[in-house]
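Contents: one structure, followed by commentary.
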Amino acid sequence: MDNQGQKSRSSFSGKVGFVLAAAGSAVGLGNIWRFPYLAARYGGGTFLLVYIILAVTFGFALMITEIAIGRKTRLSAIGAYGALDKRWSFLGKLASAAPMIIFPYYCVIGGWVTKYLVVFATGNSAAAAGDTYFTDFIARPLEPLGWFFLFIAATAIIVLFGVEKGIEKSSKFLMPILAVLSVVIAIYTCCLPGALEGIKYYFVPDFSDFSPMVILAALGQLFYSLSLAMGIMITYGSYMKKEVDLEKSVHQIEIFDVGIALVAGLMIVPAVFVFSGGKGDAINAGAGLMFITLPKVFDNMPLSNLVGACFFLLVLFAALTSSISLMETVVSILQDKLKWNRKVTCIVVAVCALLIGVPSSLGHGLWSGFQPLGMSILDFFDFISNSVLMPIIALLTCIFVAFFIGMDQITDEVKVSSNFAGEKLYRLITKYLAPVCIFAILVSSILNSLKIIVI
Ligand code: PFF
């Protein structure tokens, strides 16, 4: 169904559909790939504790705001801010830019995941464990592009089917499998002899590890992981029915997202402790944890190909439901703006994303000489969206709600279908705490990048 105008706008069939689709957007590479290495680097249990506190406060407030804006206006980000206050339509444009930047490079990584799934499924775990396997692979000109095209095509086909038949149906099918698969793999790794050491490090907070950097890292990860400040939850909110309890849905999405992130850490951190050099290796692996360190870990395990294939299948499902949400957001923005039909819009978005994604893919090989701000092209897009755009959008959204349209607009929308038990907390965070903390993230991430440029 085309969502032209408010009356014919598509919607999720009900509460379960909405929660699973929004959780599908939230649970992605951020949970399985980024969260475990951040947790390993920033003190295990200490990071977990900070992350959970931030999720139930800041994450809760921002997600409520975005979904309520979407449901109230029945518009995607590009029109939603302007519909509430004309002077703020620029913020809608800014929020719409974020998924357009993220979608192409997210699909490049989705392509890498697809490749690793096939490598393990065809019994090549020993090859994947080679020291230079990953760097050799991403440096090739054509092969990563092929996987990237495949991943975008899969995403586009689901989005083409629309909100209810495509996104909701695929989420209802993929999300439960993802949850079961991650718990099974986590139980398997936690039962390995010697895993206890890693489990302890992961769960028991050691406050000597605490620093302001832990909070900043956790807050940045939280926004990314919950798909906030990118117009996504506004778009999904615009498809939400009025009778669905908004506050309860937000709690459920958060439980799903934080739960899968915790379980992902349990799959990975103890395994690295057992098969690699313990804490040091987990911390030093950084972003390479999933593609470089983990394949080595799997290769040392019994049933290495099966475990590896299950793991990458899980990551693939997670990445797919997130890329669907990214593409849907872009499609819905263009449909709202240009009144194109869904099919044409999907094709145009997929082709543009292919073209924009090519430099991110080639940036690790053929075009590696081109290093904007001293980073690879993919890292540059990731930096612009996550460290610059997202904090700016989140900060402006809080200011917009608290000081321009008034918080009652949001709280009234939430109360249409829920008691809003967290209203006081919501007001406190949106008006005072969030603007100050988000401003701190922004400054620190910019200073950090300046340091990198200077060095
Ligand atoms: N939340 C997704 C994850 O954790 O991987 C990633 C993501 C999806 C980021 C959608 C941004 C986005 F707009």
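The values are calculated or read from the model by the stated rules, or taken from the named source; none is laboratory data. Everything quoted here is computed from the prediction, not taken from an experiment. Neighbour counts run over all protein chains shown; Cβ positions are idealised from the backbone, glycine included. The accessibility values were calculated without ligands, DNA or RNA, using every heavy atom of the protein model including side chains. Shrake-Rupley method; radii C 1.70, N 1.55, O 1.52, S 1.80 Å.
Within segment 140-160, track down each residue that is in contact with a Gly (Cβ under 7 Å, 6 or more places away or on another chain), in a helix (DSSP H, G or I) and either open to solvent by 40 Å² or more (accessible area, probe 1.4 Å) or among the acidic types (Asp, Glu) (or both). The answer is 147, 150, 160. Just one of the listed residues (404, 370) is open to solvent by 10 Å² or more (accessible area, probe 1.4 Å), aromatic (Phe, Trp, Tyr) and at pLDDT below 85, and it is 370. Taking the criterion of being within 14 Å of the ligand (Cβ to nearest atom), open to solvent by less than 20 Å² (accessible area, probe 1.4 Å) and not aromatic (Phe, Trp, Tyr), the residues of segment 81-110 that qualify are 95, 96, 98, 99, 102, 104, 107, 108, 109, 110. For segment 338-419, the helices (runs of 4 or more DSSP H) that sit wholly inside it and include 1 or more residues that are within 21 Å of residue 112 (Cβ to Cβ) and touching a helix residue (DSSP H, G or I) at 6+ places or on another chain (Cβ under 7 Å) are 342-362, 377-383.
Residues in segment 157-201 that are among the aromatic types (Phe, Trp, Tyr) and either on the phi > 0 side of the Ramachandran plot or at pLDDT 85 or above (or both): 161, 188, 201.
Please verify whether segment 258-278 includes one or more residues that are at pLDDT 90 or above and of a type in the set (S, T, N, Q). No; the residues of segment 258-278 include none that is at pLDDT 90 or above and of a type in the set (S, T, N, Q). The residues of segment 236-252 that are hydrophobic (A, V, I, L, M, F, W, C) and either in a helix (DSSP H, G or I) or without any contact (Cβ under 8 Å) to a residue 40 or more places away in the chain (or both), listed by number, are 246, 250. Looking only at residues in segment 282-310 that are within 16 Å of the ligand (Cβ to nearest atom) and open to solvent by less than 20 Å² (accessible area, probe 1.4 Å), which one is modelled with the highest pLDDT? Looking at the filtered set, the residue picked out is 291.
Step by step: first the residues of segment 209-264, then only those that are open to solvent by 20 Å² or more (accessible area, probe 1.4 Å) and hydroxyl-bearing (Ser, Thr, Tyr), then the one that is nearest to residue 106 (Cα to Cα). Which residue is that? If we take residues in segment 209-264 being open to solvent by 20 Å² or more (accessible area, probe 1.4 Å) and hydroxyl-bearing (Ser, Thr, Tyr), then 224 is nearest to residue 106 (Cα to Cα). Scanning segment 185-235 for residues that are free of Cβ contacts under 8 Å to residues at least 24 places away in the same chain and either within 13 Å of the chain's Cα centre (by Cα) or within 16 Å of the ligand (Cβ to nearest atom) (or both) turns up nothing.
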